[in-house]
There are 2 protein chains.
Amino acid sequence: MSVAYDDLAKLLREAQTLTSVTELLGWDQETMMPRKAAAFRAEERALLSTLAHERATHPRLGELLAACEADQALRADPQVAANLREIRRDYDRARKLPLDLVAEMSETSSLAMEAWKVARGQNDFKQFQPWLEKQLRLNRRKAECWGTPAGGELYDALLDDFEPNTTTVELEAIFRPLREALTPLILTLTSAAHQPTDAPFRVALPLDQQLAFNRSLLEQIGFDVRAGRLDTSAHPFSVGLGPGDTRITTRFRDDALLDAVGSSLHEAGHGLYEQGLPKQRLHGQPLAEPLGLAIHESQSRLWENHVGRSRAFCRWVLPEMQRFFGAPLEAAGTDDLYEAVNTVRAGLIRVESDEATYHLHIMLRFDLERAMLRDDLRAADLPAAWNERVKQDLGLEVPDDTRGCLQDIHWSMGAIGYFPTYTLGSLYAAQMWEAVAQSVPDLSEQIARGEFAALLGWLRTNIHAHGRRYPAVELCRRVTGRPLDHGPLMRHLEHKLRPIYHIAEASK
Amino acid sequence: MSVAYDDLAKLLREAQTLTSVTELLGWDQETMMPRKAAAFRAEERALLSTLAHERATHPRLGELLAACEADQALRADPQVAANLREIRRDYDRARKLPLDLVAEMSETSSLAMEAWKVARGQNDFKQFQPWLEKQLRLNRRKAECWGTPAGGELYDALLDDFEPNTTTVELEAIFRPLREALTPLILTLTSAAHQPTDAPFRVALPLDQQLAFNRSLLEQIGFDVRAGRLDTSAHPFSVGLGPGDTRITTRFRDDALLDAVGSSLHEAGHGLYEQGLPKQRLHGQPLAEPLGLAIHESQSRLWENHVGRSRAFCRWVLPEMQRFFGAPLEAAGTDDLYEAVNTVRAGLIRVESDEATYHLHIMLRFDLERAMLRDDLRAADLPAAWNERVKQDLGLEVPDDTRGCLQDIHWSMGAIGYFPTYTLGSLYAAQMWEAVAQSVPDLSEQIARGEFAALLGWLRTNIHAHGRRYPAVELCRRVTGRPLDHGPLMRHLEHKLRPIYHIAEASK
């Protein structure tokens, strides 16, 4: 195509290869690594991260990129043009961060995460507070390096790292009506006379059998097990290590099969996205990379909620479960399973919350982290502000910070601007689901028969294959015909949950 | 101590950290990696190896080393002096290899190993022959780069890489009397009226139970499972990845528990050595590295043969097995187990051979590879020469090359000069065993009670803790009081095997 473009691709692939190795070090640490290796592992990860950053910001890369950008013939190919646009974005952003800041952020994250674990364990916010303050300072500095858009705020610069081209004002414009629609629905459901339960599925099942079942489930929905694997870790996660290597994990408790299945479907959604990216040819290039956290999350939410919590899926999967586990699940029926995976209940813990109340957890985090970044809220005042919001939004008293503002790892890692992408992901998922349901009219019937190929094919073609070719906003418009809004998610929740709770649908 | 010395240690640690990561990539490939990731994994390993080689040969390292060598005060410390001696050795050897040769060797190994797998599968030596010829050429070139000692031959240069400071002439001087003593013993045993059998232990046992049993066994002999792990792979291996992280693998078949236990003990011997090296403080420095392949192998042979095939160990481990596996092993007695792990039988396959005939396999490989390197034997004539030697040494007809000269992976990897270290390892193990038995008079009684702390403590203090401080010859003299010879191994075999075969001991 062009020597400069080929050389550029080679440099990017090398940088990404170092990142892939760093990610394998992380996967291994969470799943396999013996405990006593932790200190040395930190050393390995720090060294590899530095090498990757050095390559990603190398002046030679900048020269090649400039040469390609100046090549009109090259840019005539819209794929190449999109690739160059995104390479430029990454290069400029990486170059804007001084190496000492990168090193300080990396070191602070390790230390702050350790401090957070201790503080959470001892319900002692004071121990964590100085680390939170430091992470806020570093995030402000990082945001200043990147720069804020005209009329924007520091938070925009951070948000842009996780979800490119999305602003705080846009988020608010989506979140406000979502909250206004969600809050009365949740109230109606939680005060209904009929309350569904997951009790029939709270039965003890051996962990190794649960793992085997989840592995077979993934294979059946289309996850390529020769190009990936499922393991166990304390916190479920997924990682696309490179061409032919996508790994996901889940978590098992002996009486919580449904939680594990939900978590596996969620992580498999991430994994299917990674497996669908054109990495074989283009590893290291934006065209083979996920578009951003929100679109990544849309894939996990789509499989977890729109597939996994549907009646059709329950109809198919229950006999599979019964065949696998035998007697303990024999008495359950499809309706029992459908109700069990669709209970709505206000709770203190985000990761244990249901499909509806989840977003209240996200919105309070968004508001609080934004206020802290602006210094409208001091870190010292976080617990009080948190508890007040939980009372107001969820109607619950927070008994301790462990179940309050210390419950999430994100702020200790220095990830500010990350939380909103979870809710954006659900919104995208719901809007995509309406599009795929139109395109595959018998989707429910297929799912009820355990057939997922048409669904996966649609996602492959319309989402996965593009990598970062289109900005998320544009992809959404191309695929769903409309800009993102809260309508599809609310329709999905209303239409599914009201009947389960024996409540008439609200008039339109 | 000295700024230059500290900086040197830092550079070495960084280079070794890259090597550790490369080794993790290898471990993961053999145990966890999904199949389709193979091509990308090769890319990752190649990149990391190059980075490690660049650091190990960096001129800055040479400058620091020279500065340390010129520092008399520094060299007054004998540990530091030994460290510098070995750093110099590594640096000079690495610098003598031109980068293009390193790259060609690495690429050839990958390709030749693939060709070997196919050739072995199809029993088609002709397909492998050109690769063998290429590996011989590359090995000659490598040996010429390193240079041969005065009066020596090319083979010495290769041998020195695997087992420093050992010459071909010395090997021959040890191997000749070993063969002369072994051959009649093997003949006597294999023609005896009483032939022991492992039949009572050829019972089907679930693989996951076997893995669990082997893991508990390792823990009981002293392998630190919080600083290591045992997994399953097609070919058992061990790797010391770094401080706090030593991983070993074994292989299970459902009716071959004893093979798995023997293999686990063997790999655990390697693993205990790695865990005993002072890596926490000195990772990357020769003082924290294994001394060479022969001493490494001595540790595996010691645990596999001197511990695992002893009557005392059988007395302890049989009830452990019976408690774990129940009914299928209930009827067996200590003598049954002791005989089962001590059968001697001439066979075609090295890795399946017993403690005695094993060395005949090694010596024929040593003679043949040495002859090929010298061009006294052409690669094309290898099969005929191999088959003749097997007939002569083991009394067996070789039915095909798959079970003949194509059985081992070593030559395809380009490892010439590696095989002899297996037998050296056994010789060292036997000589160390006599020393430890003198130092711990009730060693057998301890083992029969499942107590291994005194044995492991002796190995830690006398072998593991030293790393590369002493050359192997000197270590042997310090620990056993004598230079290496074949006496201890022959005494061990004679004293153990003759009674098992109901044959009177030879008169002295």
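The values are calculated or read from the model by the stated rules, or taken from the named source; none is laboratory data. These numbers come from a predicted model, not from an experiment. Note that each Cβ is placed from the backbone with ideal geometry, even for glycine, and that neighbours are counted across all protein chains shown. Side chains included, ligands, DNA and RNA excluded: accessible areas come from the protein's heavy atoms. Shrake-Rupley method; radii C 1.70, N 1.55, O 1.52, S 1.80 Å.
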> Placing a label point 7 Å from Cα toward Cβ, how far apart in nm is B:R176 from its equivalents in the other copies, listed shortest first to one decimal?
Replying inline: 9.7
>> Pairwise over distinct Cα atoms, reciprocal of the mean inverse distance: report the Kirkwood radius of the stretch B:326-378 in Å, one decimal place.
In response: 13.8 Å
> What's the Cα-based Rg to Rh of the stretch A:164-235, Rh via Kirkwood?
Replying inline: 1.17
> What's the Kirkwood radius of the stretch B:59-142 in Å, using all Cα pairs?
Replying inline: 15.8 Å
> Which of A:V351, B:H466, B:T249 sits closest to the plus end of the dipole of the protein assembly as shown, meaning its Cα is farthest towards the positive end, when Lys and Arg get +1 and Asp and Glu get -1 on the C-beta?
Replying inline: B:H466
>> Net charge around A:T357, counting only other residues with Cβ within less than 11 Å of its Cβ (Lys, Arg = +1; Asp, Glu = -1)?
In response: -2
>> Need the list of lysines near A:K496 for cross-linking: C-alpha distance under 25 angstrom, and skip anything on the same chain fewer than eight residues off.
In response: A:K508
> For a paramagnetic label modelled at 7 Å from the Cα of A:R85 toward its Cβ, which residues of the stretch A:162-203 fall within the zone defined by backbone nitrogen distances under 18 Å?
Replying inline: A:162-167
> Name the GluC sites (Glu not before Pro) in the stretch B:365-405 that are in a loop by DSSP and that have at most 14 other C-beta atoms within 10 Å, would you?
Replying inline: B:E397
>> Limiting things to C-alpha atoms, what are the Rg and the maximum Cα-Cα separation (Dmax) for the stretch A:114-204, in angstroms?
In response: 20.5, 56
> Just how far, in whole angstrom, is the stretch B:33-48 from the stretch B:229-282 if you go by their alpha carbon centroids?
Replying inline: 23 Å
> Can you list, shortest first and in nm, the gaps between the label point of A:T50 and those of its counterparts in the other copies, using a point 7 Å from Cα in the C-beta direction?
Replying inline: 2.1
> Which of the residue pairs A:K10/B:K142; B:K36/B:K126; A:K142/B:K10 have a Cα-Cα distance greater than 32 Å in the structure shown?
Replying inline: none
> How long are the semi-axes of the ellipsoid equivalent to the stretch B:344-433, from square roots of 5 times the Cα gyration tensor eigenvalues, in whole Å, largest first?
Replying inline: 21, 17, 11
>> What percentages make up the Cα-Cα pair-distance distribution of the stretch B:294-452 when the bins are 10 Å wide from 0?
In response: 10, 31, 28, 20, 10, 1
> Counting pairs of Cα atoms in the protein assembly as shown, how many percent are more than 57 Å apart?
Replying inline: 22 percent
> Which three lengths, in whole Å and largest first, does the stretch B:230-317 cover when its Cα atoms are put on their principal axes?
Replying inline: 42, 27, 21
> What does the average come to when, for each residue of peptide A:12-25, you count the partner chain Cβ atoms lying within 10 Å of its Cβ?
Replying inline: 3
> Roughly how many whole Å is it from the C-alpha centroid of the stretch B:84-162 to that of the stretch A:435-456?
Replying inline: 57 Å
> Out of every Cα-Cα pair in chain B, what percent are more than 29 Å apart?
Replying inline: 53 percent
> To the nearest whole number, what is the average tally of beta carbon atoms from other chains within 10 Å of the beta carbons of peptide A:29-40?
Replying inline: 6
> Between the DSSP loop rule and a limit of at most 15 other Cβ atoms within 10 Å, which trypsin sites (Lys or Arg not before Pro) in the stretch A:18-57 are left?
Replying inline: none
> What do you get when you divide the Cα radius of gyration of the stretch B:1-137 by 2.2 N^0.38 Å, with N the number of residues?
Replying inline: 1.36
> How many percent of the accessible area of the stretch B:23-149 is carbon or sulfur, using a 1.4 Å probe?
Replying inline: 52 percent
> Which FRET efficiency value, to the nearest 0.05, do you get for B:H502 and B:A150 by plugging their Cβ-Cβ distance into 1/(1 + (r/R0)^6) with R0 = 51 Å?
Replying inline: 0.50
>> Tell me whether the stretch A:418-508 comes out rounded, prolate or oblate; compute the Cα gyration tensor, take square roots of the eigenvalues as a ≥ b ≥ c, and use a/c under 1.5 as the rounded threshold.
In response: oblate
> the stretch A:195-352: D in µm²/s via Stokes-Einstein (Kirkwood Rh, Cα pairs, 4 °C, 1.567 mPa s)?
Replying inline: 79 µm²/s
> Taking each residue of A:219-229 in turn, how many C-beta atoms of other protein chains fall within 10 Å of its C-beta, and what is the average?
Replying inline: 2
> Using a label position 7 Å from Cα in the Cα→Cβ direction, what is the ascending list of nm distances from A:D92 to the same site in the other copies?
Replying inline: 5.5
>> Which of rounded, prolate or oblate describes the stretch A:283-336 when judged by the alpha-carbon gyration tensor and an a/c cut-off of 1.5?
In response: prolate
